[in-house]
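First comes the structure, then the notes that go with it.
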Amino acid sequence: MPLHSTATVTSHDRDSLRAALVAMGEKAFRADQILRHVYRRCAVSYDEMTDIGVALREKLKVELPVMSTAAPEENKSNDGTAKLLVPCADGQPVECVMIPEPPGKTPPERRTVCVSTQAGCPVGCVFCASGLAGLARNLSGAEITEQAIWVGRLVRKRYNDMDHPISNVVFMGMGEPFYNLDRVIAALERLNAEWGMGIGLNRMTVSTVGVEGGVMKLAEHPLAPNLAISLHAPNDEIRARVVPFAKALSVAEVIQEGVKYQQRTRRDVTCEYVMLGGINSGSDHARELARRLSGKSLKVNLIPYNEVEGLVYKAPSAKEVTEFSQILETAGIPAPVRRSRGDRIAAACGQLRLRKLEGAGPAKV
Ligand code: SAH
Ligand code: SF4
């Protein structure tokens, strides 16, 4: 069944698209033809599907639009990262980011897309622009999937029509994926299926702040990908300051959910830790975190805070970051530092949308 009130190609899976075409008096094989164009070539209109006759294309344009979102604005950074602001049909701006890696290599070995799952976010972590204006609404499965198509299109334009434009997907944009899990699973299906983008589940990561019962629900699903859990604190007192959300899980619960997910799925599970100067970035915090994660086989990603306009927090010093990482590594816990890329285009999520909502327009690049 389509997942959105206005059915688009992206709101269907293969079976329901075949059924929709048959109901329109067309042959089922058209579905496979259209899906190949959309997910392999990142086509966004029937005019790009020249192996379909003009009369049928005109009919499909009216009865079954390809996309629910419109062409996005592109904000380029000098490190190769690009941030797209995708307009939804109701005007909600949705952010997604293309991250080529390693930086500077052409074509890049990995072309990662970071997608949003909600317009805004109800959680309100203190360092995050996405939570500042609260939640506007959940995104549909089509709207989540389409972000990867727009980014794939950009990759193909930049790198000579490459065949698999998207290599990795991270659900780390705006929103809390577990508050919109059914739609996230619909997007995972379209991105993973061989009739879709064909991206392996071991190349996709869903990031969550930890929602009661949510993590295990995904673990039980056949489409369970890698998991990132946003911990941000070594103890409950600091976690309550950084994630002041009534329904937030405790540090022990978050860690336990991560361990259970890994045992059940055998996928990678990583703890995300945004380092805020003077709050959670000291060496005592690192030692406390090391004790809590000892023997758990979870990795930590350290993310120095990226400044958000209007927020008072500050980035940790370079020395603090190195020491924090070393303390964890010495305790046998891998703890790479993930530098925010694209900070000139406000790539920490939610910043661009916020500017749009405040009427300031896209960041200068
Ligand atoms: N809501 C989910 C997924 C999206 S947010 C979650 O919180 O896990 C994902 C990540 O965005 C956060 O964990 C954090 O790593 C990053 N992030 C958001 N704002 C940031 C900022 N100002 N500086 C650095 N990282 C930030
Ligand atoms: Fe929401 Fe994630 Fe931002 Fe927290 S970090 S406000 S959970 S998007």
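The values are calculated or read from the model by the stated rules, or taken from the named source; none is laboratory data. Small disclaimer: the values here were computed from a predicted structure and weren't measured. Here Cβ is always computed from backbone atoms with ideal geometry, including for glycine, and neighbour counts include all displayed protein chains. When the accessible area is computed, the model is the full protein with side chains, heavy atoms only, and any ligands, DNA or RNA have been set aside. Shrake-Rupley method; radii C 1.70, N 1.55, O 1.52, S 1.80 Å.
Mind checking whether some residue in the stretch 237-254 is farther than 29 Å from residue 307 by Cβ, surrounded by 23 or more Cβ atoms within 10 Å (Cβ to Cβ) and away from ligand 1 (no atom under 11 Å from the Cβ)? Working first, answer last.
Taking the stretch 237-254 and keeping what is farther than 29 Å from residue 307 by Cβ, we get 252-253.
If we keep only those that are surrounded by 23 or more Cβ atoms within 10 Å (Cβ to Cβ) too, we end up with none.
Taking every residue of the stretch 237-254 in turn, none turns out to be farther than 29 Å from residue 307 by Cβ, surrounded by 23 or more Cβ atoms within 10 Å (Cβ to Cβ) and away from ligand 1 (no atom under 11 Å from the Cβ).
Just one of the numbered conditions (1) away from ligand 2 (no atom under 16 Å from the Cβ); (2) farther than 16 Å from residue 67 by Cβ is not true of residue 172; which one?
It fails just one condition, (1).
Does residue 131 satisfy being part of a loop (DSSP other than H, G, I, E, B) and crowded, with 22+ Cβ neighbours inside 10 Å? So that I can check it myself, show each step before the final result.
On the way: part of a loop (DSSP other than H, G, I, E, B): yes; crowded, with 22+ Cβ neighbours inside 10 Å: yes.
Criteria met by residue 131.
Out of curiosity, is residue 28 among the small types (Gly, Ala, Ser) and either free of Cβ contacts under 8 Å to residues at least 40 places away in the same chain or on the phi > 0 side of the Ramachandran plot (or both)?
On the way: among the small types (Gly, Ala, Ser): yes; either free of Cβ contacts under 8 Å to residues at least 40 places away in the same chain or on the phi > 0 side of the Ramachandran plot (or both): yes.
It is true that residue 28 is among the small types (Gly, Ala, Ser) and either free of Cβ contacts under 8 Å to residues at least 40 places away in the same chain or on the phi > 0 side of the Ramachandran plot (or both).
Filter the stretch 27-56 for residues that are surrounded by 18 or more Cβ atoms within 10 Å (Cβ to Cβ) and either among the charged types (D, E, K, R) or assigned to a helix (DSSP H, G or I) (or both) and give the result.
30, 31, 34, 35, 37, 38, 39, 46
Only residues in the stretch 144-159 that are in the same structural domain as residue 191 (by TED's automatic domain parsing) and modelled with pLDDT of 95 or more count as the first member; pair them with residues that are open to solvent by 10 Å² or more (accessible area, probe 1.4 Å) and in a helix (DSSP H, G or I), Cβ under 7 angstrom, at least 6 apart or cross-chain, and list the lot.
144/183
What are the pairs, 6+ residues apart or on separate chains, where a residue within the stretch 124-139 that is on the phi < 0 side of the Ramachandran plot has its Cβ under 8 Å from a residue that is basic (Lys, Arg) and not in a loop (DSSP other than H, G, I, E, B)?
Partner pairs satisfying both residue conditions: 126/241; 129/353; 130/353; 138/183; 139/183.
Considering only residues of the stretch 309-336 that are β-branched (Val, Ile, Thr) and within 15 Å of ligand 1 (Cβ to nearest atom), which is modelled with the highest pLDDT?
So the first thing to find is which residues in the stretch 309-336 are β-branched (Val, Ile, Thr), and the list is 312, 321-322, 327, 330, 333.
Among the residues that remain, those that are also within 15 Å of ligand 1 (Cβ to nearest atom) are: 312, 321.
Numbers: 312: 90, 321: 97.
Ranking the qualifying residues of the stretch 309-336, first place goes to 321.
Would you mind telling me which numbered condition in (1) within 21 Å of the chain's Cα centre (by Cα); (2) in a loop (DSSP other than H, G, I, E, B); (3) modelled with pLDDT of 95 or more residue 363 fails?
Against the list (1) within 21 Å of the chain's Cα centre (by Cα); (2) in a loop (DSSP other than H, G, I, E, B); (3) modelled with pLDDT of 95 or more, residue 363 comes up short only on (3).
Could you grab me the full set of residues in the stretch 281-314 that are assigned to a loop (DSSP other than H, G, I, E, B), within 16 Å of ligand 2 (Cβ to nearest atom) and open to solvent by less than 50 Å² (accessible area, probe 1.4 Å)?
305, 306, 308, 311
Search the stretch 134-164 for residues being assigned to a loop (DSSP other than H, G, I, E, B) and within 16 Å of ligand 2 (Cβ to nearest atom), and hand back the single one that is least open to solvent (accessible area, probe 1.4 Å). Don't jump to the end; show me each part of the working.
Kept after step one, since they are assigned to a loop (DSSP other than H, G, I, E, B), are these residues of the stretch 134-164: 134, 139-140, 159-164.
From what is left, the residues that are within 16 Å of ligand 2 (Cβ to nearest atom) are 134, 139.
Values: 134: 22, 139: 0 Å².
Filtering first and then ranking leaves 139.
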